[in-house]
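Below: one structure, written as structure tokens.
A short reminder: the numbers here are calculations on the coordinates, not readings from a lab. As the structure is a computational prediction, the values presented were derived from the model and not from experiment. Note: ideal-geometry Cβ built from the backbone for every residue, glycine included; neighbour counts use all protein chains shown.
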Amino acid sequence: METFSVAVIVGSLRHESSNRRLADALARLAPANLLFEQIDIGNLPLFNQDAERTDCPPVSHFRAAVQHAHAVVFVTPEYNRSIPGPLKNAIDQGSRPAGQSIWAGKPAGILGISPGPLGTAPAQQHLRNVLACLDMQTMAQPDVYLQYKEAMFSIDGQIGDSARPLLERWMAGFARWVAWHSHSHSDCVQAEQ
């Protein structure tokens, strides 16, 4: 079975955020051929086009980590009906300089958790718009907009029983999405040669 590395980017910087807990628990649901690795965005400087061609170790490390991944999962909270500033900053850092985007062509998945009744639906829609512009192939279904509840996670950090079936279905869909895009990309490369 082919193995795929998955860069996981959590939009919240808070160490104990529910989205970070969701990302940790989600990785435990992944099949053995998906290797999830969280990529830190907390130490990235604010994007400044004047500095985009200078060597900045946090930016270089971030870009290299995502570049080497086969796919990306974004786990985002919702801030004011959109994505958090640090997440947008990370996306911008990865999209520049022009013509050197680390995002183009990568399959992506989006999910998130929030205390509000809408979950993270508006934030995810904004993120989908951004990722489409960057030529990322974002999985559409199943979509996951979780409202945080006390029983969402077990004491040992696993997904609770109420959300487990939905997240298992999401994970199975994401595994198929990554494999399909990997094979489609390989077929396109071979056809071009």
query = To the nearest whole percent, what portion of all C-alpha pairs in segment 101-158 is separated by more than 14 angstrom?
reply = 61 percent
inquiry  = For segment 91-144, what does the relative contact order come out to in percent, with C-alpha contacts under 8 Å and a separation of six or more?
reply    = 41 percent
note = Highest GNM mean-square fluctuation among ALA27, ALA69, ALA172, for the chain with Cα springs under 10 Å, belongs to ALA172
remark   = Cα extents of segment 4-192 per principal axis, largest first, Å, are 46, 39, 27
request  = Quick one: grab the alpha carbon gyration tensor of segment 1-109, order the square roots of its eigenvalues as a ≥ b ≥ c, and give me rounded if a/c is under 1.5, else prolate or oblate depending on whether a/b is larger than b/c.
outcome  = oblate
Loop sites in segment 149-181: trypsin sites (Lys or Arg not before Pro), DSSP, at most 12 other Cβ within 10 Å = LYS149
inquiry  = Can you work out the Karplus-derived ³J(HN,Hα) for every residue in segment 110-118? Use 6.51 cos²θ - 1.76 cosθ + 1.60 with θ = phi - 60°, whole Hz, and x for glycine or proline.
reply    = 10, 7, x, 9, 8, x, x, x, 7
task = Step through the residues of segment 47-60 one at a time and calculate ³J(HN,Hα) from phi using the Karplus curve (6.51 cos²θ - 1.76 cosθ + 1.60, θ = phi - 60°), rounding each to whole Hz and writing x for Gly and Pro.
result = 4, 9, 4, 4, 9, 5, 9, 8, 7, 10, x, x, 5, 4
message = Using a 7 Å offset from the Cα along the Cα-to-Cβ direction at both ALA98 and ASN48, what is the distance between the two label points in nm, to one decimal?
response = 2.1 nm
inquiry  = What does DSSP give for the chain in terms of the percent of beta bridges that are antiparallel, rounded to the nearest 5?
reply    = 10 percent
ask   = Could you give the length gained on full extension between ASN129 and HIS15, defined as 0.36 nm per residue of separation minus the Cα-Cα distance, in nm?
value = 38.3 nm
query = Hey, what did segment 4-192 get for relative contact order, percent, Cα under 8 Å, at least 6 apart?
reply = 23 percent
key: Other-chain or far-sequence residues with amide H under 5 Å of GLN137's (modelled H)   = GLY105, LYS106, ALA108
task = Could you tally the net charge around LEU13, taking each other residue with its Cβ under 10 Å from the Cβ of LEU13, Lys/Arg +1 and Asp/Glu -1?
result = +1
query = What's the center-to-center distance, using Cα atoms, between segment 1-26 and segment 77-126 in Å?
reply = 13 Å
request  = For the chain, set up a Gaussian network in which alpha carbons nearer than 10 Å are linked by springs, and say which option among GLY85, GLY99, GLY42 fluctuates the most.
outcome  = GLY99
